[in-house]
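Below you'll find the structure, written out as structure tokens, and then a few comments.
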Amino acid sequence: RVERDRTIGAVVVDANGSYFCCGADTRDLASSSTDPASPKAVQRTSAVYNAFVRIGSLPVPTVAVVTGGAVGAGLNLAMAADIMVVTPETVLDSGFAARNIHPGGGHISLLGRAMGWSGAIALAACGQSLSGSDAVARGLAYIAVAAEDIPATVEQLTRTAASDPELTRRIMTSARLELGPPAVSWESALEIERGVQMWSMARKGRASWSSRGPGRS
């Protein structure tokens, strides 16, 4: 629906309950361990991957509201979103090494793009976990707020994007092209942005420059 309905300017990925996501169903993992190369095992794993890959590929900004915690593929889901909102007490845990399995779903890459080499290795290989406050300090999450303040925080984060979905979608296209991975050079970014900025200026029109946008002065 988000891909089809161009009136949608932002997406919030929230928990169904008090805990964001504890990862893949261990019963599925156990079944796949019997014959990991079988078509059914590959299909099960691909279904888990697609759950967060689709979120990470949406054409609008996505905000993951991570309360309680996120582990393994659940952490992948949180990291696939563009912005992660947590509480100070949220626990973010790679979880794969603790279960004696290799990370999957691009887990190391997702960690690395947020935290760099050391942070990715600390979580993925050394089994460290982070509180929500630590995650913000290390770049994995955007902001940590008390649970009761999350709705207002999310509303503030998504307000501008939701008010102008057409512009938001074009900004997100440019962001994915420029930031990657892999990121492009500044010179390339100039050319990526040139045409779409001209489009936005033409859309705005000469007479509207006294305003920052719809409903603003």
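Details
- CD proxy at 222 nm, helix term only [per DSSP H run n ≥ 4: -39500 (n - 2.57); per residue of the chain; nearest 500]: -15500 deg cm²/dmol
- Convex hull of the chain built on C-alpha atoms - directionally averaged projected area, nm²: 14.4
- Radius, Kirkwood style, for the stretch 132-175 when every pair of distinct Cα atoms is counted (Å): 12.1
- Cut-off 13 Å (backbone N to label point 7 Å along Cα→Cβ of ALA15), residues of the stretch 90-122: 90-93
- Of all DSSP beta bridges in the chain, antiparallel share, percent nearest 5: 20
- Contour minus Cα-Cα distance for ALA97 and TRP186 (0.36 nm per residue): 28.3 nm
- Rg followed by Dmax, in Å, when the stretch 110-217 is reduced to its Cα trace: 18.6, 58
- The accessible-area ordering, largest first, of the residues ILE143, ILE55 stands as ILE143, ILE55, per a 1.4 angstrom probe.
- Sites excluded, chymotrypsin sites (Phe, Trp or Tyr not before Pro) in DSSP loops with at most 16 other C-beta within 10 Å, longest stretch of the chain: 20-208
- Extended-chain gain in nm, criterion 0.36 nm per residue less alpha-carbon gap, LEU177 and MET201: 6.6 nm
- Applying the criteria of a DSSP loop state and at most 14 other Cβ atoms within 10 Å to the trypsin sites (Lys or Arg not before Pro) of the stretch 76-146 yields no site.
- When exposed loop sites are taken as GluC sites (Glu not before Pro) in a DSSP loop with at most 15 other Cβ atoms within 10 Å, the longest stretch of the chain clear of them is 90-217.
- Across all directions, the average flat footprint of the convex hull enclosing the Cα atoms of the stretch 1-77 is 5.9 nm².
The values are calculated or read from the model by the stated rules, or taken from the named source; none is laboratory data. Just so it is clear, the structure is predicted and the values come from calculations on it, not from any experiment. Neighbour counts run over all protein chains shown; Cβ positions are idealised from the backbone, glycine included. Keep in mind that these areas ignore ligands, DNA and RNA; they rest on the heavy atoms of the full protein, side chains included. Shrake-Rupley method; radii C 1.70, N 1.55, O 1.52, S 1.80 Å.
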